[in-house]
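Encoded as structure tokens, the structure appears first; notes follow it.
The values are calculated or read from the model by the stated rules, or taken from the named source; none is laboratory data. Quick caveat, the model's predicted, so the values are computed rather than measured. In this analysis, Cβ positions are derived from the backbone assuming ideal geometry, glycine residues included, and neighbour counts consider all displayed protein chains. Note: accessible area is taken over every heavy atom of the protein model, side chains too, but ligands, DNA and RNA are not part of it. Shrake-Rupley method; radii C 1.70, N 1.55, O 1.52, S 1.80 Å.
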Amino acid sequence: MSTHPSHSSRRRAAPAPAMALYEQVKDFIARRIQQGLWRTGDRLPSENELVSQFGISRMTVNRALRELVQQGRIVRVAGVGSFVAEDRPQSTLLQIANLASEIRQRGHDYRCDLLAVERVPATLEVAAALELRTGASVFHSLCIHREDGVPVQLEDRHVNPRQVPGFAAQDFARMPPSEYLVRNVPFDQIEHVVDAVMPGARQAALLEMSPQEPCLLLTRRTWSRAVPITVVRCLHPATRYRLGSRFRADGNPLAG
């Protein structure tokens, strides 16, 4: 009997390349930070513990920790250990803001009205933003965020199902899509673009505003290891919302 592989086995697609070992360590730590399992100031497992847990070299673990330091996720103290870095939510322009928390911190009531969660074919614009082919199936959600009952943001989001396969199955009545993604899907790049625009008729109706009033449009994309996760268009009535930031020349936030 021939021992040569069959034609069908030779045609079988090669498995996708595994995540690099140091990336596995980074992903493990970043995911727990974003899920709130490790909070600001918490001490991380030591290098030796991570070496034992992952069965990899100390050099590999060290690379993962160095890159997390460079990304501002952790701090390392010589002879003491590694710790979760302090959050630096400099502004809605420089970080992903938690709109619900901002509103509640002002002592106001927050509500999110979920209008749609569906699977749709990607338009040319969405496909380009998510680096997919036009017509590829993507998740879509549409939300209205309210402050004391008044609409302050229309959130129109598309999500790459390869990165977040369970997106449409979530209970967004309990946690809005933006908060769910930040807590559960590690990201390492953010892009923000702000435009002054006039709302469309439907957008104005959803925001309960005149179509003659201007809006601020914040378009955000996030990536994980160079693969797009989501693109979201957040439309704000200009008379009800401001986007801004204040920070030092070195990029660090000002105290207070």
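Some observations on this one:
- For the range 98-187, the set of trypsin sites (Lys or Arg not before Pro) satisfying both a DSSP loop assignment and a count of at most 15 other C-beta atoms within 10 Å is given as 106, 133, 162, 174.
- Cα gyration tensor, the range 50-89 - rounded (a/c under 1.5), prolate or oblate: prolate
- Heavy-atom accessible surface of the range 138-225: percent carbon and sulfur, 1.4 Å: 50 percent
- Solvent exposure of the range 21-84, expressed per residue, is 56 Å² of accessible area, with all protein chains present and a 1.4 angstrom probe.
- Compactness ratio for the range 90-243: Cα radius of gyration over 2.2 N^0.38 Å (N = residue count) comes to 1.01.
- Projecting the Cα atoms of 166, 121, 69 onto the charge dipole of the range 41-167, computed from C-beta unit charges around the Cα centre, puts 69 farthest toward the positive end.
- Compared with the alpha-carbon gap, the fully stretched path from residue 54 to residue 208 is longer by 50.1 nm at 0.36 nm per residue.
- Karplus-derived 3J(HN,Hα), 6.51/-1.76/1.60, for each residue of the range 207-214, Hz, glycine and proline x: 8, 6, 9, 6, x, 8, 8, x
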